[in-house]
Amino acid sequence: MNTPHTHMRSTDMDHTTQQLQRLENKVDKLTDAVTQLVRVEERQITHGVRLGDVENRVTHLTTVAGATERRLDQWINRGIGMWSIAVVLWSVFLAFKVQL
């Protein structure tokens, strides 16, 4: 003697198959979404590393530029000093030339 729950009718099997198919489709969509999220995260990590490298390079170039600017300023100040001395000497020379 069979109980009503031991035998599935054809319509019940079709309904169960449809539900399983819908669940499988949903699982596939979720798998695709997770895969895309993993790819996005990998790209973000890669970009983070690249940005870190760029920041390090910018810091280094800023340091080098600052040192170069200081050296350039030193030479400009030396040049101004030399021109000042030259103007004073020229003025002294002209003053003595007028008196002679």
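Within segment 26-44, can one find any residue that is of a type outside the set (Gly, Ala, Ser) and outside any helix (DSSP H, G or I)?
No - not one qualifying residue is present in segment 26-44.
Inspect all residues belonging to segment 48-61 and state whether any of them is of a type in the set (S, T, N, Q) and either outside any helix (DSSP H, G or I) or at pLDDT below 95 (or both).
No: segment 48-61 contains no residue that is of a type in the set (S, T, N, Q) and either outside any helix (DSSP H, G or I) or at pLDDT below 95 (or both).
The values are calculated or read from the model by the stated rules, or taken from the named source; none is laboratory data. The model shown is predicted, which means the values in this text are computed figures rather than measured ones.
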